[in-house]
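Taking it in order: structure first as structure tokens, then the write-up.
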Amino acid sequence: MATMDEPLYPIAILIDELKNEDIQLRLNSIRRLSTIARALGEERTRKELIPFLSENNDDEDEVLLAMAEELGVFIPYVGGVEHAHVLLPPLETLCTVEETCVRDKAVESLCRIGAQMKESDIVDWFVPVVKRLAAGEWFTARVSSCGLFHIAYPSSPDQLKAELRNIYGQLCQDDMPMVRRAAASNLGKFAATVEQTYLKTEVMSIFDDLTQDDQDSVRLLAVEGCAALGKLLEPQDCVAHILPVIVNFSQDKSWRVRYMVANQLYELCEAAGPEHSREHLVPAYVRLLRDNEAEVRIAAAGKVTKFCRILSPQLAIQHILPCVKELSSDSSQHVRSALASVIMGMAPVLGKDATIEQLLPIFLSLLKDEFPDVRLNIISKLDQVNQVIGIDLLSQSLLPAIVELAEDRHWRVRLAIIEYIPLLASQLGVGFFDDKLGALCMQWLEDKVFSIRDAAANNLKRLAEEFGPDWAMQHIIPQVLEKINNPHYLYRMTILQAISLLAPVMGAEITCQQLLPVVINSSKDRVPNIKFNVAKVLQALIPILDQSVVEKNVKPCLVELSEDPDVDVRYYANQALQACDQIMMSS
């Protein structure tokens, strides 16, 4: 009896849990659908489980979302691709619910299943689902149907294809803006499956309707369609049909549409080809750069370098540079920030002379901008300019501004400068570095912000690696060791950290003669935080030093610290002593 009841048991539990008032139990049972399907076997899953799920009208969106997701990967549990069609009814129901994320997931699962179905099954089962949804009384069904046409269309016979194109055209003229929006956003995917002859006629006519829609939310989705359709059409057709639409959209009364054009313009230029872009799209782009809405100017400014790469340097200097100058003093800090993040890339496009004459003054004005993000975006891309104008000019024109920023009141700007210093140092060379930037690097070790002090210590290590131990011995080590007597213990801790970072670069001899005595001396400090940091530094130095030095100098100091009244000092001292013993044993 027990063996007979066994297969019934999982489905009984599932049905009970699916009707349970506790949403978590219902969710758990949905998440376990695959387990239950395996227990039931393929045939019972098809005949009992799937119909049960089709009838299940749970009102919790979370449960429905989980079901839509599970059903998308359910083909193996119903007996493979030849039985995939049994999964369509429950998903069709989910395509009509009110919650958008449930519908989207159901459409995604239907697409996944449809992509695996045989052509004959698509015609017999999938296309009728699409047609029923497209004719749905409630707008949610019609919205969902728009995302399914690109799966249904390629496998259909010619007569059915004509019907599907006609239905899609009707959806693009639906009374509900939500349906027209869905049709506009899926047009690119659908168009990619339509034959070239119908693409130029029927699909372009649908597209024209969408571009003249009275709702800006539909028109802005049509902008996305411009780039997708532009890539599908021949270049001459793209110029004839798509470019005029883009030019009109760039003057649209809704700023959201213009913003979308600014975002997509580079992709549209790629589709149209450089010649037509120069002729038709440069005036449109200039209009967007001078738009009265800040959001549109931000989107356009962010594409300025990409756009200039399509143009010849002369065109960029003639048309785009005047706009860039205006944007560099724009009233919106976000526009200036967007410009600063890409403007450095214009230097290689415009060449050396134009960069020196036209761009350098703009860089300088942005480097002195009152908004820290603008300054930050310029600093982080300086190397692109250096490649074009050379280090001499860069140092004369931009370095005074960089030195000024090194003392900026915003710590993130100071941090960006520090992180850029090793790169600057390698580009400027040792002589120039000593004159202009050496003092700054020491000054940062005593900054009020920990992140700056931490970065400054790492910076010294990278400089020592760049210029070598001899240079570091002359220019870094003496100044660092002087600061160990700073009255504030936090600054003394920074020096200890700098010593532990510099030691591996400096080698055993300098570490033993110059750095170790300072560390051991600090073990007598009255602040426990310093003492346990001494123990940490000594542990880091053990692999670098000779064994005799460890035995004679390091170990006695650690033994003394291991008897300190402070528990943390004792802990770190014992850790270091254990490391000592391990190294001794291994050697």
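How would you classify region 507-586 from its alpha-carbon gyration tensor, with a ≥ b ≥ c the square roots of the eigenvalues: rounded for a/c under 1.5, else prolate if a/b is greater than b/c, otherwise oblate? Taking the square roots of the gyration eigenvalues as a ≥ b ≥ c, region 507-586 is oblate. Dividing the mean sequence gap of close Cα pairs (under 8 Å, 6+ apart) by how many residues the chain holds gives a relative contact order of 5 percent. Dipole magnitude for region 207-246: about 180 debye, using +1 per Lys or Arg Cβ and -1 per Asp or Glu Cβ, origin at the Cα centre. Helix 177-191 axis versus longest C-alpha principal axis of the chain: approximately 80°, rounded to the nearest ten. Each part reduced to its alpha carbon centroid, region 487-508 and region 509-587 end up 14 Å apart. How much net charge surrounds Y198 when only the other residues with a Cβ under 15 Å from the Cβ of Y198 are counted, with Lys and Arg +1 and Asp and Glu -1? Its environment carries a net charge of -4.
Counted without the sites themselves, the longest stretch of the chain free of trypsin sites (Lys or Arg not before Pro) in a DSSP loop having at most 15 other beta carbon atoms within 10 Å is 119-252. Give me the net charge of E419's neighbourhood, meaning all other residues with Cβ under 12 Å from the Cβ of E419; Lys, Arg count +1, Asp, Glu -1. Value of the local net charge: +2. Residue-wise HN-Hα couplings along region 169-176, as the Karplus relation 6.51 cos²θ - 1.76 cosθ + 1.60 with θ = phi - 60° gives them from phi, are x, 5, 4, 6, 10, 4, 5, 8 Hz; Gly and Pro carry x. In the context of the full set of protein chains, the chain has a per residue accessible area of 45 Å² (1.4 Å probe).
Angle, helix 528-541 long axis vs. longest principal axis of the chain, Cα atoms, 0 to 90°, nearest 10? Approximately 90 degrees, to the nearest 10.
Over all pairs of different C-alpha atoms, the chain has a mean inverse distance whose reciprocal, the Kirkwood radius, equals 30.2 Å. Of the GluC sites (Glu not before Pro) found in region 290-391, those in coil by DSSP whose Cβ has at most 16 other Cβ atoms within 10 Å are E293, E370. Going by the alpha-carbon gyration tensor, a ≥ b ≥ c the square roots of its eigenvalues, is region 436-587 rounded (a/c under 1.5) or, if a/c is not under 1.5, prolate (a/b greater than b/c) versus oblate? Judged from the Cα gyration tensor, region 436-587 comes out oblate (a/c at least 1.5, b/c at or above a/b). Here region 507-586 exposes an accessible surface that is 48 percent carbon and sulfur, computed with a 1.4 Å probe and the other protein chains kept in place. How much of the accessible area of region 292-390, probe 1.4 Å, is carbon plus sulfur, in whole percent? Reported share for carbon and sulfur atoms: 47 percent. With contacts taken as Cα pairs under 8 Å and at least 6 residues apart, region 507-586 reaches a relative contact order of 32 percent. When the square roots of the Cα gyration tensor eigenvalues are ordered a ≥ b ≥ c, the ratio a/c for region 126-280 is 1.5 or more and a/b does not exceed b/c, which makes its shape oblate. Taking each DSSP H run with n ≥ 4 as -39500 (n - 2.57) and averaging over every residue of the chain yields -19000 deg cm²/dmol at 222 nm. Between H488 and Q575, full extension at 0.36 nm per residue minus the direct alpha carbon distance yields a gain of 28.7 nm. With a 1.4 Å probe and all protein chains left in place, how much of the accessible area of region 437-489 comes from carbon and sulfur atoms, in whole percent? After summing per-atom areas, the C and S share lands at 48 percent. In the structure displayed, which of K19/K47; K461/K531; K131/K303; K231/K253; K231/K352; K105/K381 lie more than 31 Å apart, Cα to Cα? Over 31 Å apart, Cα to Cα: K131/K303; K231/K352; K105/K381.
Here the chain is treated with +1 on each Lys and Arg Cβ and -1 on each Asp and Glu Cβ, and its dipole about the Cα centre works out to around 1500 debye.
Between helix 333-343 and the chain there is an angle of about 80 degrees, using the helix long axis and the longest principal axis of the Cα atoms.
The values are calculated or read from the model by the stated rules, or taken from the named source; none is laboratory data. The shown structure was predicted, so the numbers you read here are calculated from the model rather than taken from an experiment. Positions of Cβ are generated from backbone atoms using ideal geometry, with glycine treated the same way; all protein chains shown enter the neighbour counts. Remember, those area values only see protein heavy atoms, side chains included, never the ligands or the DNA or RNA. Shrake-Rupley method; radii C 1.70, N 1.55, O 1.52, S 1.80 Å.
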